[in-house]
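Okay, so here's the structure we're looking at.
The values are calculated or read from the model by the stated rules, or taken from the named source; none is laboratory data. Treat the numbers as computed from the prediction; the structure is a model and nothing was measured. Positions of Cβ are backbone-derived with ideal geometry, glycine not excepted, and every protein chain shown enters the neighbour counts.
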């Protein structure tokens, strides 16, 4: 009788272990991306604008936040996309708040974006003249 009770407990424990491993394996990570759109003062989309996303904390932190730095150039539709999927870990509380800088010729814009994990995060910046 003790053997059958032991088998039953062992069988139940193995089933619980198998179910817990199987349920976490199905939780696939969704992409964490940022799409920046750059427009001029008239609302026209701006191609070939330089865009930089970076962390600029008031107090320097560890680990080094340069891993969040990404740079790119807008396409003909005025957008540039950055992928942060590889930097986000599931279960992490929040991801990042980054500064945005964009420029083209004598025009520039600055902004900020809060990146929500496993979502497409979008921000539009309007270029204006650089101060003299």
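Could you tell me whether segment 65-73 includes any residue that is closer than 29 Å to residue 126 by Cα and modelled with pLDDT under 80?
Yes, segment 65-73 has at least one match.
What is the residue count in segment 101-123 for residues that are modelled with pLDDT of 95 or more and surrounded by 15 or more Cβ atoms within 10 Å (Cβ to Cβ)?
The total comes to 11.
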